[in-house]
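The values are calculated or read from the model by the stated rules, or taken from the named source; none is laboratory data. Only a predicted model underlies this, so the values are computations on that prediction, with no experimental measurement involved. Backbone-built Cβ (ideal geometry, glycine too); neighbour counts: all protein chains shown. Quick note on the areas: whole protein, heavy atoms, side chains included, nothing else; ligands and nucleic acids left out. Shrake-Rupley method; radii C 1.70, N 1.55, O 1.52, S 1.80 Å.
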Amino acid sequence: MVGLTGTAAYAASAGLPMPTVLVLVSGIIALLGGLSILLGYKAKLGALLIVVFLIPVTFIMHNFWTITDPAQEMMKTMQMSLFMKNVALIGGALMIAYFGSGPVSIDANPKA
């Protein structure tokens, strides 16, 4: 629960309403999507769950364009880096959502 309270506090500092509930729900969405992709079971749906998780997190939690104070240039750079990382992850998840998980997956081998 320590991780949940710390993450919820960070979400609250970004102005999110009901941060504990939203962090818990987003964690469950990310976990289910990640496990789905990892196991190759319903990977297209799992990838869409990851996209649903990443889009709001990227634009709400890593909004580097709002940091205008020159004293916080390092924070702005870090947030920009996290933003770009999430954009790349969204791209990867969209590729999995389109192409699926591949030939070595539970989806590709329904008899397994």
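Just tell me, in residue order, which DSSP H segments of the chain are both 20 angstrom or longer along the helix axis (alpha-carbon based) and at least -1.0 in mean Kyte-Doolittle hydropathy.
Span-like helices in the chain: 19-39, 43-61, 73-99.
May I ask you to derive the FRET efficiency for ILE106 and PHE59 from their Cβ-Cβ distance with R0 = 35 Å, giving the value to the nearest 0.05?
On the way: r = 33 Å, r/R0 = 0.93.
After rounding, the FRET efficiency stands at 0.60.
Which length gain, in nm to one decimal place, applies between TYR98 and SER13 when the Cα-Cα distance is subtracted from 0.36 nm times their residue separation?
On the way: separation 85, 0.36 × 85 = 30.60 nm, distance 3.54 nm.
That pair, TYR98 and SER13, stretches by 27.1 nm at full extension.
Over 16 Å, how big is the tail of the calculated P(r) for region 1-58, in percent of all Cα pairs?
Details: 752 of 1653 pairs.
It works out to 45 percent of all Cα pairs.
Just the number, please: carbon plus sulfur as a percent of the accessible area of region 57-104, 1.4 Å probe, no ligands or DNA/RNA counted. Can you show the working numbers first?
Working: 2430 of 3320 Å².
The value for region 57-104 is 73 percent carbon and sulfur by accessible area.
I want to verify a result. In a Gaussian network model of the chain, Cα cutoff 10 Å, which of these has the top mean-square fluctuation: SER101, SER36, SER81?
SER81
For region 1-56, which whole-number percentage of the solvent-accessible area (1.4 Å probe, protein heavy atoms only) is attributable to carbon and sulfur atoms?
Details: 2870 of 3470 Å².
Here carbon and sulfur together make up 83 percent of the probe-accessible area.
With the other protein chains left in place, how much accessible area per residue, in square angstrom, belongs to region 1-108 at a 1.4 angstrom probe?
Using a 1.4 Å probe on heavy atoms only, each residue of region 1-108 averages 65 Å².
Where Rh is the Kirkwood radius over the Cα pairs of the chain, the temperature 4 °C and the viscosity 1.567 mPa s, what D in µm²/s does Stokes-Einstein return? Walk me through the numbers on the way to the answer.
On the way: Rh = 15.4 Å.
The Stokes-Einstein estimate is 84 µm²/s.
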